[in-house]
Amino acid sequence: MISPQFRYAGWLILVLGLVTAPLLISSGRWIEFLELTLFAAVLGQGWNILGGYGGQYSFGHALFFGTGAYLQALLQFKFGWSPWVAMWFALGGGVLVGVFVGYLSFRYGLRGSYFALITLAFAEAFHVLSRSLISVTEGGRGVSLDLNRDPDMALATLQFNFAAPFLKAYGYYYLILLMLIIACAATWWMANSRFGARLVAVRENEEAAEAIGVDAFATKMAAISLSAAITSSAGIYYVQKFLFIDPGIAYGPAKSVEALIAPIIGGLGTVLGPVIGAFFIHGVGELAKETTGLVWQDRPGLDLILFGVILVLMLAFAPRGLVGLLERAWRKLSGTRPTERDHA
Amino acid sequence: MLKVEGASKWFGGLRAIDGVSLTVPEGAIVSLIGPNGAGKTTLFAVLSGFLKPDSGTVSFAGRDITGLRPHRICRLGLVRTFQLVRPFAGLTVRENIATGSHNRIRSRAAALGHAEQIADRIGMTAMLDLPAAALTVAGRKRLEVARAIATGPRLLLLDEVMAGLNATEVATMVELIRAVRDGGITIFLIEHVMPAVMSLSDRTYVLNDGALIADGAPGEIATDPRVIEAYLGHGAAARMSEAGSHA
């Protein structure tokens with residue numbers, strides 16, 4: 001077990017490193033890389049709550065991402081709402097979809113691959129709906145938000161076109177970093193609470209958990225709500241940063257895969273897993289780009305093939321993810337007996 | 001403490017339990033025996049809320065609990081263990097027990113502390129930091145009991161906690177069960193290990209083909225012809241007494 005002091009020190013170094021990163025990197029491309037990595041980590045942390053801690057593997061987390069993104073975009077586009085107001089409805093809408101899908105699945109005891117399939121099916125249904133309900137969603141054209149060019153409105157429009165160059169360049173980076181810190185703190189709080197203990201018990205053995213006083217249904221409903229809230233917050237961020245959303249981005253399978261790959265590779269049911277996983281995946285992707293000269297956007301699917309191979313290798317040789325590998329290495333170095341399993 | 005009246009449960013055309021009525025008085029150790037397939041585990045599942053009876057009522061501490069869900073029944077103070085043990089394999093013994101403690105304790109730190117006290121009481125202190133997957137059969141049975149006790153029950157249903165244990169382990173488990181009862185928890189147990197049933201029980205019920213065929217002090221039960229026939233086949237009691245008179 002990695003002792004608490006080292007763990008806190010590790011987190012402190014990680015957070016300080018990420019906070020000071022803009023001072024060390026001047027290249028816009030690397031900031032973009034960090035933004036997308038942290039974005040993937042937030043998505044992954046959302047999935048991790050339900051999939052990693054709760055053992056309910058969703059294949060359709062795009063449902064929550066897309067609902068958050070669409071509501072954030074449409075409330076501004078159609079009704080001219082302030083993004084600061086819209087975001088609460090986007091978040092609430094994502095949670096509502098989570099409650100709806102969770103109720104249908106968990107009430108009727110769907111587990112394992114059945115749960116994965118139903119989430120996949122709902123994501124596809126929303127995909128089709130968002131394409132065909134043109135009067136509501138603008139259909140396949142997608143929703144574009146107006147770019148704010150007035151530095152005085154940067155905060156009001158939640159578009160960081162500040163007059164100050166530092167804020168202008170790094171505003172979105174700090175926003176997503178803050179969101180990741182909140183997501184990790186929420187996960188950490190959950191992992192060390194009664195709710196988290198009960199969720200893990202449901203993952204390990206649902207009937208045994210019921211027998212010792214755990215309301216498995218209520219626990220899973222709470223987990224899918226929290227999971228959906230974090231994932232839809234990533235959708236809100238996406239819209240504010242790119243000012244555009246369409247059915248494919250919102251509800252396509254890419255976001256569902258992106259949400260589950262970081263925690264699985266990084267370490268299921270750990271706070272750090274999705275963060276490490278996101279860095280690993282995006283790092284590998286970036287490396288592949290550098291070395292082969294192939295640009296993902298020009299070779300759609302190449303990155304997914306690569307991720308698939310990594311995923312299979314990880315599941316075969318390191319089922320507890322990179323965090324598990326780290327812990328094993330730590331034990332070897334510090335000579336601790338491998339008696340205790342670590343869950344933070 | 002526990003009162004069952006006319007409980008029946010069908011699985012399709014098979015009557016798993018058939019009009020079972022019994023009582024478990026507070027502070028007692030009551031056992032339920034019977035051949036394999038008699039419906040003992042089904043009855044426990046009905047009592048603990050895992051199955052809804054098709055007819056009949058279950059009342060616990062003066063309250064009708066028929067059809068309540070398992071976690072509600074557990075919160076009222078009636079908890080079961082599983083014949084096929086179900087440890088949370090990926091968690092440590094401490095975390096396993098603490099999950100039970102959370103039934104009455106909200107704080108994580110307090111639950112982990114409570115788990116240590118329970119482990120001490122059950123004799124599992126040395127194993128607290130082991131993953132449950134690393135325990136022996138006896139260890140897992142013990143963990144099953146520890147996790148149930150951690151929920152703070154008034155009545156504990158033990159489903160074959162001695163199956164698969166060696167003689168020494170059975171003796172330790174018998175001591176443990178007696179200590180749990182002396183600690184104020186009423187016990188209702190299913191068991192095949194007859195010496196343990198004999199030494200522990202204040203009263204024994206015998207279930208065969210889903211129906212109760214006898215009940216009484218364990219000594220009386222052992223010589224009851226209906227019980228002998230249920231275990232050894234039709235006519236066995238007569239043959240045995242015949243063999244006895246020839247000797």
(request) Check A:T20, A:T67, A:T37 and return the single one that is among the polar types (S, T, N, Q), surrounded by fewer than 17 Cβ atoms within 10 Å (Cβ to Cβ) and closer than 20 Å to A:A183 by Cα. (result) A:T20
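When region A:132-141 is examined, which residues are found to be surrounded by fewer than 18 Cβ atoms within 10 Å (Cβ to Cβ) and of a type outside the set (S, T, N, Q)?
Of everything in region A:132-141, those that are surrounded by fewer than 18 Cβ atoms within 10 Å (Cβ to Cβ) and of a type outside the set (S, T, N, Q) turn out to be A:L133, A:I134, A:V136, A:G139, A:G140, A:R141.
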(message) Just checking, does region B:10-32 include any residue being hydrophobic (A, V, I, L, M, F, W, C), within 14 Å of another protein chain (Cβ to nearest Cβ) and free of Cβ contacts under 8 Å to residues at least 40 places away in the same chain?
(response) no
(message) Within region A:194-244, considering only helices (runs of 4 or more DSSP H) that don't extend past its boundaries, which have at least 1 residues that are more than 9 Å from chain B (Cβ to nearest Cβ), in contact with a Ser or Thr (Cβ under 6 Å, 6 or more places away or on another chain) and β-branched (V, I, T)?
(response) A:194-204
(request) Could you list, in sequence order, all residues of region A:186-206 that are crowded, with 21+ Cβ neighbours inside 10 Å, farther than 22 Å from B:P70 by Cα and hydrophobic (A, V, I, L, M, F, W, C)? (result) A:A191
(message) Condition first: away from every other protein chain (no Cβ under 11 Å) and among the charged types (D, E, K, R). Now tell me which residues in region B:145-161 satisfy that.
(response) B:R154, B:E160
(request) Quick one: in region B:95-124, of everything that is of a type in the set (A, V, I, L, M) and assigned to a loop (DSSP other than H, G, I, E, B), which residue is farthest from the other protein chains (Cβ to nearest Cβ)? (result) B:M124
(request) Within region A:220-258, track down each residue that is in contact with a Phe, Trp or Tyr (Cβ under 7 Å, 6 or more places away or on another chain) and free of Cβ contacts under 8 Å to residues at least 60 places away in the same chain. (result) A:A222
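Do the conditions hold for B:T186, that is, is it among the hydroxyl-bearing types (S, T, Y), under 15 Å from the mean Cα position of the chain (by Cα) and modelled with pLDDT of 95 or more?
Yes.
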(request) Could you grab me the full set of residues in region B:126-144 that are within 12 Å of another protein chain (Cβ to nearest Cβ), under 22 Å from B:H71 (Cα atoms) and buried (at least 23 other Cβ atoms within 10 Å of the Cβ)? (result) B:L143, B:E144
(request) Could you tell me whether any residue of region B:75-89 is in a helix (DSSP H, G or I), more than 26 Å from B:A196 (Cα to Cα) and facing another protein chain (nearest Cβ under 9 Å)? (result) yes
(request) Could you identify the single residue in A:A154, A:A183, A:A209, A:A163 that is surrounded by 18 or more Cβ atoms within 10 Å (Cβ to Cβ), at pLDDT below 95 and small (G, A, S)? (result) A:A154
(request) Could you grab me the full set of residues in region B:31-62 that are aliphatic (A, V, I, L, M), in a loop (DSSP other than H, G, I, E, B) and more than 24 Å from B:M198 (Cα to Cα)? (result) B:L51, B:A61
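Just need a number here: residues in region A:217-239 that are buried (at least 22 other Cβ atoms within 10 Å of the Cβ) and out of contact with any strand residue (DSSP E or B) (no Cβ under 6 Å at 6 or more places or on another chain).
Going through region A:217-239 one residue at a time, the tally reaches 16.
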(request) Quick one: in region A:152-193, of everything that is within 15 Å of A:V239 (Cα to Cα) and not in a loop (DSSP other than H, G, I, E, B), which residue is nearest to the other protein chains (Cβ to nearest Cβ)? (result) A:M179
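Give the number of residues within region B:43-59 that are surrounded by fewer than 22 Cβ atoms within 10 Å (Cβ to Cβ) and either more than 10 Å from chain A (Cβ to nearest Cβ) or touching a Lys or Arg at 6+ places or on another chain (Cβ under 6 Å) (or both).
The total comes to 7.
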(request) Sort out for me the helices (runs of 4 or more DSSP H) sitting completely within region A:25-141 that have 1 or more residues that are modelled with pLDDT of 95 or more and within 30 Å of A:R320 (Cα to Cα). (result) A:28-48, A:62-79, A:83-107, A:112-132
(request) Please find, within region A:106-117, the residue that is surrounded by the most Cβ atoms within 10 Å (Cβ to Cβ) out of those that are in contact with a helix residue (DSSP H, G or I) (Cβ under 9 Å, 6 or more places away or on another chain), in contact (Cβ under 8 Å) with a residue 24 or more places away in the chain and not aromatic (F, W, Y). (result) A:R111
(request) Please specify each residue of region A:320-344 satisfying the condition of being more than 15 Å from A:L272 (Cβ to Cβ) and either more than 14 Å from every other protein chain (Cβ to nearest Cβ) or at pLDDT 85 or above (or both). (result) A:K332, A:L333, A:S334, A:G335
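The values are calculated or read from the model by the stated rules, or taken from the named source; none is laboratory data. Everything numeric in this text was worked out from a predicted model, so none of it was measured. Virtual Cβ from ideal backbone geometry, glycine too; neighbours counted across all protein chains shown.
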